[in-house]
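To keep things clear, I will list the structure first and then write my remarks on it.
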Amino acid sequence: MDFQQQAVAAREAARTLGTLTRARKDAALHAMADALADAEVELLAANAGDVARAREAGTEEAIVDRLALTSARIAGMVQGLRDLAALPDPVGDVVRGWKLPNGVSVTQVRVPFGVVGIIYEARPNVTADAAGICLKSGNAALLRGSSSALGSNQVTVAALRRGLESVGIAPDAVQLVIGGREVTGDMMRARGLVDVLIPRGGAGLIRAVVDGSTVPVIETGTGNCHIYVDEAADLDQAIGILLNAKTQRPSVCNAAETLLVHRAVADAFLPRALDVLAGAGVTVHGDAAVVAYSDAVVPAGPDEFEGEYLDLDLAARVVDDLGEALDHIRRHGTGHSETIITTSKAAAKRFTDDVDAAAVLVNASSRFVDGGEFGFGAEIGISTQKLHARGPMGLAEMTSSKYLVEGDGQVRA
């Protein structure tokens with residue numbers, strides 16, 4: 001099928017998905033999980049080919065890490081589908097309701113979008129997560145993964161479709177979109193066939209989809225996430241949070257990318273922090289004040305406070321006070337997740353009030369900004385925009401709403 005045919009088939013499948021009971025959707029998710037587990041050997045072989053081709057092409061190891069699958073990661077994909085089955089069904093939930101003075105009742109309820117197109121890079125686990133979330137929320141999924149993960153995605157989607165077919169649900173509810181850039185362009189211009197597009201990946205991909213799409217876009221964002229160590233910080237706590245936020249998994253969007261340290265605690269904190277980071281293999285790119293603490297610090301270039309490293313690198317700067325830290329975040333932040341470490345309630349309140357981001361953390365690692373950690377189950381991404389959804393996007397965020405209006409013959413005067 002070409003893309004137009006795929007989109008029409010997805011739209012037809014979506015009509016049925018929107019009316020399925022929770023029991024049928026949960027049965028489908030378990031069947032998809034079973035089929036994916038059965039395909040582990042085939043999936044590992046396909047992924048090994050993807051990884052080998054990526055390394056031959058000189059792909060950065062941070063991207064290779066996102067691409068690579070292991071038995072443990074596949075088990076996580078399988079469990080993610082089962083976890084979704086255990087979550088409440090958002091479709092039909094009442095958002096709010098009231099009765100007008102004339103006796104007409106108005107109820108706002110959650111409904112599926114319909115057809116969701118997802119354009120994403122490298123990570124083949126996104127394929128299973130996205131398909132499962134779309135199914136549970138009553139949406140058909142058109143999945144446009146990167147060419148680097150094509151083999152992995154083909155095996156994954158084939159397994160998921162077998163699972164759907166085994167329980168009598170149209171397999172076209174989950175489809176892999178394959179082709180060159182022109183196919184991505186077709187997706188972005190498929191207004192009327194695709195209800196919403198969600199890009200997941202680097203800044204370039206997201207910008208291209210936002211700028212080039214006529215289909216409504218939910219923007220999932222890059223994460224230039226900051227940690228600010230306040231003058232009133234518990235420095236032992238700060239070391240632990242910094243190390244976790246930077247090194248627990250550096251290739252993801254909620255990993256810390258920039259460290260800001262109040263000048264009043266720089267002498268006490270930075271020598272310890274730099275030693276710990278170096279021991280964990282992190283290269284620190286610092287301003288002149290940070291460079292003065294260690295020969296191992298690389299002087300930061302003019303653009304190094306602007307974006308994501310997605311690797312064991314960290315930008316660092318000493319600031320005079322909380323106000324300067326807030327100004328820095330306002331200039332360079334991407335609206336994802338920002339952290340303050342402090343024992344001062346006043347500083348924490350000023351930070352949480354002033355910072356404009358999807359998530360603002362006090363004395364906790366930014367790695368918690370995740371749908372699974374929030375209790376949403378698997379997530380479709382982390383939205384950094386302000387319309388429709390913001391932050392981790394779970395099942396509820398993958399629905400729209402409609403109003404049900406019920407009367408008994410009333411007419412408007």
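Among the residues of segment 377-390, what is the count of those that are crowded, with 20+ Cβ neighbours inside 10 Å and either more than 19 Å from Asp93 (Cβ to Cβ) or without any contact (Cβ under 8 Å) to a residue 40 or more places away in the chain (or both)?
Number of matching residues: 4.
When you scan segment 394-408, do you find a residue that is free of Cβ contacts under 8 Å to residues at least 12 places away in the same chain, closer than 24 Å to Arg96 by Cα and either surrounded by 15 or more Cβ atoms within 10 Å (Cβ to Cβ) or among the basic types (Lys, Arg) (or both), even just one?
no
Taking segment 80-122 as the search range and keeping residues that are small (Gly, Ala, Ser) and in a helix (DSSP H, G or I), which one is nearest to the chain's Cα centre (by Cα)?
If we take residues in segment 80-122 being small (Gly, Ala, Ser) and in a helix (DSSP H, G or I), then Gly80 is nearest to the chain's Cα centre (by Cα).
When the residues of segment 355-376 are filtered to those that are without any contact (Cβ under 8 Å) to a residue 24 or more places away in the chain and aliphatic (A, V, I, L, M), which remaining residue is surrounded by the fewest Cβ atoms within 10 Å (Cβ to Cβ)?
Val362
Every residue in segment 166-182 that is in a helix (DSSP H, G or I), surrounded by 16 or more Cβ atoms within 10 Å (Cβ to Cβ) and not small (Gly, Ala, Ser), please.
Listed by number, the residues that qualify are Pro171, Asp172.
Considering only residues that are in contact with a strand residue (DSSP E or B) (Cβ under 8 Å, 6 or more places away or on another chain) and on the phi > 0 side of the Ramachandran plot, which ones fall in segment 389-413?
The one that is in contact with a strand residue (DSSP E or B) (Cβ under 8 Å, 6 or more places away or on another chain) and on the phi > 0 side of the Ramachandran plot: Gly391.
Residues Ala62, Ala52: which one is part of a helix (DSSP H, G or I) and either modelled with pLDDT under 95 or in contact with a strand residue (DSSP E or B) (Cβ under 6 Å, 6 or more places away or on another chain) (or both)?
From the options Ala62, Ala52, the qualifying one is Ala62.
If the requirement is being under 30 Å from Ser401 (Cα atoms) and surrounded by fewer than 16 Cβ atoms within 10 Å (Cβ to Cβ), which of these qualifies: Val95, Val91?
It is Val95.
Within segment 183-207, restricting attention to residues that are farther than 23 Å from Thr222 by Cβ and of a type in the set (Lys, Arg), which residue is surrounded by the most Cβ atoms within 10 Å (Cβ to Cβ)?
Arg189
Among the numbered conditions (1) in contact with a Leu (Cβ under 6 Å, 6 or more places away or on another chain); (2) surrounded by 17 or more Cβ atoms within 10 Å (Cβ to Cβ); (3) at pLDDT 90 or above; (4) not polar (S, T, N, Q), tell me where Gly333 comes up short.
(1)
This table checks each residue for (1) at pLDDT 95 or above; (2) under 23 Å from Ala245 (Cβ atoms).
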site	(1), (2)
Gly201	no, yes
Leu205	no, no
Val215	yes, no
Gly221	no, yes
Cys225	yes, yes
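Where in segment 249-354 are there strands (runs of 3 or more DSSP E), lying wholly inside it, with at least 2 residues that are β-branched (Val, Ile, Thr) and without any contact (Cβ under 8 Å) to a residue 12 or more places away in the chain?
Here the list is empty.
The values are calculated or read from the model by the stated rules, or taken from the named source; none is laboratory data. Because the structure is a prediction, the values reported are computed rather than measured. Backbone-built Cβ (ideal geometry, glycine too); neighbour counts: all protein chains shown.
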